[in-house]
1. Going through the stretch B:34-57 one residue at a time, which ones are within 17 Å of the chain's Cα centre (by Cα) and either of a type in the set (D, E, K, R) or outside any helix (DSSP H, G or I) (or both)?
2. With A:Val168, A:Val159, A:Val177 as the choices, which residue is in a helix (DSSP H, G or I), within 19 Å of the chain's Cα centre (by Cα) and away from every other protein chain (no Cβ under 14 Å)?
3. For A:Ala205, are the conditions met, namely being away from ligand 2 (no atom under 16 Å from the Cβ), part of a helix (DSSP H, G or I), touching a Leu at 6+ places or on another chain (Cβ under 7 Å) and within 11 Å of another protein chain (Cβ to nearest Cβ)?
4. Any chance the stretch A:217-230 includes a residue that's modelled with pLDDT of 95 or more, within 19 Å of the chain's Cα centre (by Cα) and not polar (S, T, N, Q)?
5. Return a yes/no flag: does the stretch A:210-219 have any residue that is more than 12 Å from every other protein chain (Cβ to nearest Cβ), more than 30 Å from A:Ala531 (Cα to Cα) and either assigned to a helix (DSSP H, G or I) or within 16 Å of ligand 2 (Cβ to nearest atom) (or both).
6. Which one of the conditions (1) under 30 Å from A:Lys108 (Cα atoms); (2) outside any loop (DSSP other than H, G, I, E, B); (3) among the aliphatic types (A, V, I, L, M); (4) at the interface with chain A (Cβ under 9 Å from one of its Cβ atoms) does B:Leu31 fail to meet, given that it meets all the rest?
7. State the number of residues belonging to the stretch B:104-133 that are of a type outside the set (S, T, N, Q), within 14 Å of another protein chain (Cβ to nearest Cβ), part of a loop (DSSP other than H, G, I, E, B) and more than 17 Å from B:Leu155 (Cα to Cα).
8. Just to be sure, is A:Gln442 of a type in the set (S, T, N, Q) and over 24 Å from the mean Cα position of the chain (by Cα)?
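The values are calculated or read from the model by the stated rules, or taken from the named source; none is laboratory data. Every value quoted in this text rests on a predicted model; they were computed, and no experiment measured them. Note that we place each Cβ from the backbone using ideal geometry, even for glycine, and neighbour counts take in every protein chain shown.
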Amino acid sequence: MSELANNFGRRLHYLNADYGVKSWLLTRDHKRIALLYLASISLFFALGGLMAVGIRLELATPGADLVQPDTYNRLFTMHGVLMIFLFLIPSIPATLGNFLIPLMIGAKDLAFPKVNLASWYVYNIAGLFTLWAVAQGGVDTGWTFYTPYSTTYSNSYVVATALGVFTVGFSSIMTAVNFIVTIHRMRAPGLTWFRLPLFVWAHYATSLVIILGTPVVAVTILMVAAERILRIGIFDPALGGDPVLFQHLFWFYSHPAVYIMILPSMGVISELITAFTRKRIFGYKFIAFASVSIAVLGFLVWGHHMFLSSQSVYAGAVFSVLSMLVAVPSAIKVFNWTATLYKGSVSWDTPMLYALGFIGLFTIGGLTGVMLATLGIDIHVHDTYFVVAHFHYVMVGGAIMGYLGGLHFWWPKITGRLYPVFWSKFSAIVIFVGFNLTFFPQFLLGYLGMPRRYHVYPADFQVLNVMSSAGATILGVGYLIPLFYFFWSMRYGERADRNPWGAIGLEWMTGSPPPTHNFHEPPTVDWDAYAYLPDTPGGTGEAWDAAKPTSEAPEHG
Amino acid sequence: MAEIHAPGLAHHFDSYQQQKEAAFFGMWVFLATEVLFFGGLFCAYLVYRSANPEAFAAGSRELDIVLGAINTAVLIGSSLTMALAVHAAQVGKRKMIAAWMGATILLGGTFLGIKVVEYSHKIHEGHFPGPNFVWHGPEVNVEMFFNVYFLMTGLHALHMIIGIGIMLVLIPLAWKGRFTPESHNYVEGFGLYWHFVDIVWIFLFPLLYLLDVG
Ligand code: HEM
Ligand SMILES: [Cu+2]
């Protein structure tokens, strides 16, 4: 019996290296922590989804027949708070990022494993604060906490929620510091910056945004809480405060935060597109630098949320132009992915369906973002369903598509099991259809003038709203199917081998699931990222894979 | 494959050098987040001071420059003792690490004590913001100065309290010889944090106390 096998003679890996609740709750293994996060964020995703069900049910009819106006306000606020702060911001970094970054760079773990574990606990404490707020009755300010409503007039649980948002920021920061240090200091020999997978670049850029933006929103929320508790007037005009200052501070974080949500997803898409076209990515360096420039430019455009807030027109014009500039690196990525598809040997596996869905939906979301960044248009559609549709196209159609695509791509690596092909493709298509049916009508509604955040609307808008509610039902079903087959696959799924997709990357060179310390022999890298055709003899990932030395231990028993 | 275990070297690092670089780099990145954390407050300070210059000057006149100056000296002194603790760690004198950190705690405690005196004066005079705030002068919106004053100095003090808490953990470890010349990243990393907290004060003191001098 060697250290490579467990008591039953099975190959030893991170999942069977140790059993019991304690071995999970006290683990420092980035792979196990990723799974802990996966469980936590899935819970909040489900809760946020439940609130969305309430919203869409109420909006199925023009009148106010299901919930009280005040309840409706709390529903959409809690939906936004849970989805943005507790689900989408941690989603890819804390799960796939946590799991994959050390594997992709050939490290044994993240630089600070204890900090990594602590970040999960901090996340859950934040979740408890937020749940506590929900249990008491929730918040009605909108996820943006605009003052002075949030500080002075709202009769809801602002402080408890603010505490949740404040705390969850720390867990993001812990993760981001860990990623930055790990990517700088722990790459395998030979793995230069320009050989890194683009997933790693994307997470590097995301981490920069997190460490520079999150503390600002943290201190802003602290001021809101102080104002509410001590009854002082930092942002209250009646007491000499400036509510617009709150908006500046809030959007200084919350615009970059949209890139915290989309950049990791873009990183996933870069991996998927190359793996399923069997081609090197087109314009590697452009994509890498696009991530970084999105991170930097993203800090200069927050004023596009404030065109109608008494901000000067000159500031508005500058923010308008800068916002359009941000669209350039995003477009570069989309063009490069598309160029990669050209003449690639495309295979239509489930993750690829998500990737293609991402490209289409993100393009629509991004282009409507440029429309919104145009001053003259935004004056008309600000605070309408057009904005709601825009950000759902980028966040749900973009970020969540990438998240699901990534989960399907690396699931065999994470669990060592395959999921059913038919059901996974079926659910990808259901999600795509349901998504568009839910949110496309909202563009039309907003364009026709339906404001956001109201529980009633003129009867003329009902047809489009019913379409949206019907779409939401389909979308919900689409999200439930993977839940079932992922659980099913953990027990009954066919076993995956080391590299089920024939993809290139260090993570595919170790076992599925990987051993606790990731590699039995520390890898050395002397090839570029995505060294598919025509760089390698044989041309395909499989041939490349066979030619490379594996770091996998022999199967025992 | 045999696992070679060096004392104080975590399993996932290849060398002390790598571990040390990671620890320091992590600390610097963390301090960057701290800069932006205080940055939000400095931004609010800037906006409100430029909107209410008289009120800010009037509020500032209420602060005790002598106590503020003493506290500045005390904090700079504590940075010196902290630097000496780090030096002791580099040359491997475990008892001196503990002693210099003890001195740092004493100075930090002195700072906080003086701060308590200042705060209680202000509260006593009705200058604590909130419904009970009183101001008899002609200036309007002086309360905003005190909002900013209490928030900034309060958060700074909180950072010092956390720092003292961490030293209370580090001192027994130092005494037991946990820190060697090869491996004492906690001491040096903490030193960076403590110096950072001092530097914040170096900005706070003139911005809050010396507005109307000269
Ligand atoms: C392609 C570049 C983008 C541009 C130029 C852009 C532009 C805008 C503008 C101008 C608004 C304000 C509309 C208004 O309130 O009147 C807005 C709102 C929003 N955008 Fe984008 N956007 C872009 C990409 C994204 C991405 C990638 C995400 C998220 C992943 C996102 C998420 C949001 C959200 C959440 C809001 C609404 C915030 C709120 O008021 O609740 N945007 N966008
Ligand atoms: Cu924005």
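1. Result: B:Glu34, single match.
2. Criteria check complete, one pass: A:Val168.
3. On the way: away from ligand 2 (no atom under 16 Å from the Cβ): yes; part of a helix (DSSP H, G or I): yes; touching a Leu at 6+ places or on another chain (Cβ under 7 Å): yes; within 11 Å of another protein chain (Cβ to nearest Cβ): no.
The answer is no for A:Ala205.
4. Checking the stretch A:217-230: at least one residue is modelled with pLDDT of 95 or more, within 19 Å of the chain's Cα centre (by Cα) and not polar (S, T, N, Q).
5. Filtering the stretch A:210-219 for residues more than 12 Å from every other protein chain (Cβ to nearest Cβ) gives none.
There is no residue in the stretch A:210-219 that is more than 12 Å from every other protein chain (Cβ to nearest Cβ), more than 30 Å from A:Ala531 (Cα to Cα) and either assigned to a helix (DSSP H, G or I) or within 16 Å of ligand 2 (Cβ to nearest atom) (or both).
6. It is condition (4) that B:Leu31 fails.
7. 5
8. On the way: of a type in the set (S, T, N, Q): yes; over 24 Å from the mean Cα position of the chain (by Cα): no.
In short, no.
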